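Everything on this sheet refers to the single structure shown next.
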Amino acid sequence: MQIDGDMMENKWNQFYKKSYSDRLRLIAQSAGLSEDQLKLIKQNADDKSGELIENSLTDYRLPEGIVTGLVVNGHQHLVPMVTEEPSVIAAASNGAKLLSAGTGITSVVSQKLISGQVIIKNAKFEVVSDFVSSNRHKILELADHSHPTILKYGGGAKKVLVRKLSAQFTSVDLFVDTGEAMGANIINTMLEAIANWISEQLAVETTMAILSNFADEAVVQVSGKVPVDKLASKSVAGSVAAQRIADASEVAQLDIKRAATHNKGIMNGVDAAVMAFGNDWRAVESAVHSYAAQTGTYKGVSTWHVHGNQLEGKMILPLPIGFVGGASKVLDMVAVNKQIAQIHNVKEEMQVIGAVGLAQNLAALKALVTDGIQKGHMNLQLKSLALSNGATTQELPTVVDQLRKSSNPDSTAVKDILKTIRR
Ligand code: HMG
């Protein structure tokens, strides 16, 4: 095996200790970056972001847009969404408009408990279970004392349960009201404190203590109705479209292949809003997909049914997010986005994000069962197709116009159009 020159020199060791300009020089040398590429990196670099992560290079920018017409619990919200995908924001606005033709979306959060686990190895389940039962109060108290500020905000450790995972492993599950924060650090501190204590008291080995992203006690329940006549397209009557949407949601309960795509459509909106509010979208992705698979079969997280002349959608979505803490204070746009969305606390944040998910799902399903996804999606995708094949923003209107008329709007078509107009 030939050893790469970089590896022999070990020039990447302690890379994180180098100054920004030294890091940049090394990367530029190694990758052969041009002056223009270096300029782009420097232009987008922000000192503050450099403090958020390690080995920072620059800020990677993503587009942000606004969903209009979302009515949640009787209030109109504009929702900022961060996404690179064409048609997502148009679709969410479309779904929001359809759902606001009824009574709007009802979105309820009754509690937000984040859980975590202490995994214990080679202890008798009954011994751990009895110990936790008789020391429940002490364990909750220990957890609270390890992170006392949470009590000031009205939160704290609320319950502790024990589950047998196998003959070898037992899980002690702690549930914490983390208040306005997502609470990853709070709960991990608490878990490490109780893990040490349990391990000392029972003389057992703890394998780890860590929060769980399975967030079935931090859910938002969303529902909304659309009069079926609002679902009509040029070729399909509203009542037919409504029944087909209900059928589509049933298929997502039956088939993992469809369920994965159904949920991806929902996450188009959820992730984009979660990012705009500065939250950890990987935690939300993990929570939603594990929730979708909690029965052992992966299913769509929303369902649609026709009742008389109304199509009704329902969804339960776990959203382990926070209104304060994490990157939310560091990323300047987060405060602006919260103000645009008119959300004031974590419950409202969860309610609005859940509502976006339902609206996103409705628009995608309506497109799928009426005109097909390509018509609306491709129409908006043409700009991205043109840009990714070298069109400038000045050339964009002409290229998109000609692509619309083309029977085969693909990258070759863009290149041919560009050749003609540049001549
Ligand atoms: P349309 O029927 O041509 O729209 O839909 P319209 O002209 O009747 O407008 C209706 C509303 O949509 C508008 O109301 C806007 O709110 C919004 P208005 O403001 O006019 O009173 N709207 C727009 N908003 C911003 N920019 C625009 C725009 N156009 C309409 N340009 C539309 C066109 C694309 C909205 C529709 O075809 C649609 O909703 N399609 C779904 C697209 C979609 O889901 N895209 C996501 C990518 S595909 C995917 O990843 C998920 C999927 O696989 C999930 C699944 O399988 O379940 C599909």
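What the table shows:
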quantity	calculated
Local electrostatic count at LEU113 - Lys and Arg +1, Asp and Glu -1, tallied over other residues with Cβ under 10 Å	0
Around SER249: net Lys/Arg minus Asp/Glu count, Cβ-Cβ under 11 Å	+1
LYS257, LYS112, ranked by accessible area, largest first (probe 1.4 Å)	LYS257, LYS112
Dipole magnitude of region 330-384 about its Cα centre (Cβ charges: Lys, Arg +1; Asp, Glu -1), debye to nearest 20	180
Shape category assigned to region 1-147 from the gyration tensor of Cα positions, a/c cut at 1.5	oblate
Span from the region 280-303 Cα centroid across to the region 157-190 one, whole angstrom	19
Percentage relative contact order, region 155-287, counting C-alpha pairs under 8 Å, at least six apart	14
Region 266-423: relative contact order in percent, alpha carbon pairs under 8 Å with at least 6 residues between	21
Alpha-carbon centroid distance for the pair region 222-262 / region 348-396, whole angstrom	17
Where N is the number of residues in region 206-268, Cα Rg divided by 2.2 N^0.38 Å	1.67
Those chymotrypsin sites (Phe, Trp or Tyr not before Pro) in region 132-205 that DSSP places in a loop and that have at most 15 other beta carbons within 10 Å	TYR153
Residue (of SER411, LEU62, VAL220) at the positive-pole extreme of the chain, dipole from beta-carbon charges	SER411
Longest site-free stretch - the chain; sites: GluC sites (Glu not before Pro), DSSP loop, at most 11 other Cβ within 10 Å	85-423
Radius 15 Å from Cβ of LEU387, net charge of other residues (Lys, Arg +1; Asp, Glu -1)	-2
Within region 195-341: Cβ-based charge dipole about Cα centre, in debye rounded to nearest 20 (Lys, Arg +1; Asp, Glu -1)	660
Cα gyration tensor shape of region 193-236, rounded if a/c is under 1.5, else prolate or oblate by comparing a/b with b/c	prolate
In Å, descending, principal axis extents of the Cα set of region 115-216	38, 25, 18
Probe 1.4 Å, all protein chains present, accessible-area order of ILE53, ILE343, largest first	ILE53, ILE343
Extended-chain gain in nm, criterion 0.36 nm per residue less alpha-carbon gap, ILE27 and ASP371	119.1 nm
Under-5 Å amide H pairs with LYS299, H placed in peptide plane, nonlocal only	ALA293
Which of HIS344, HIS147 is most accessible, then next, and so on - probe 1.4 Å	HIS344, HIS147
Assigned charges on the beta-carbon of Lys, Arg, Asp, Glu; the chain dipole about Cα centre (debye)	980
Residue of PRO80, PRO320, PRO409 that the Gaussian network model of the chain assigns the largest fluctuation, springs spanning Cα pairs under 10 Å	PRO409
Contour minus Cα-Cα distance for LYS17 and LYS415 (0.36 nm per residue)	138.8 nm
Among GLN310, GLY354, LEU151 the positive-end extreme of the charge dipole of the chain (Cβ point charges)	GLN310
Whether the chain is rounded, prolate or oblate, judged on the alpha carbon gyration tensor where a/c under 1.5 counts as rounded	oblate
The chain, relative contact order [Cα under 8 Å, separation at least 6], %	18
Where labels lie 7 Å past Cα in the beta-carbon direction, separation of THR398 and ALA327 in nm	3.9
Hypothetical label at THR207: residues of region 105-133 whose amide nitrogen lies under 15 Å (7 Å Cα-Cβ projection)	117-125
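The values are calculated or read from the model by the stated rules, or taken from the named source; none is laboratory data. It should be emphasised that the depicted structure is a prediction, and the values quoted were computed from it without experimental measurement. Cβ coordinates were reconstructed from backbone atoms using ideal geometry, including for glycine residues, and neighbour counts include every protein chain displayed. Side chains included, ligands, DNA and RNA excluded: accessible areas come from the protein's heavy atoms. Shrake-Rupley method; radii C 1.70, N 1.55, O 1.52, S 1.80 Å.
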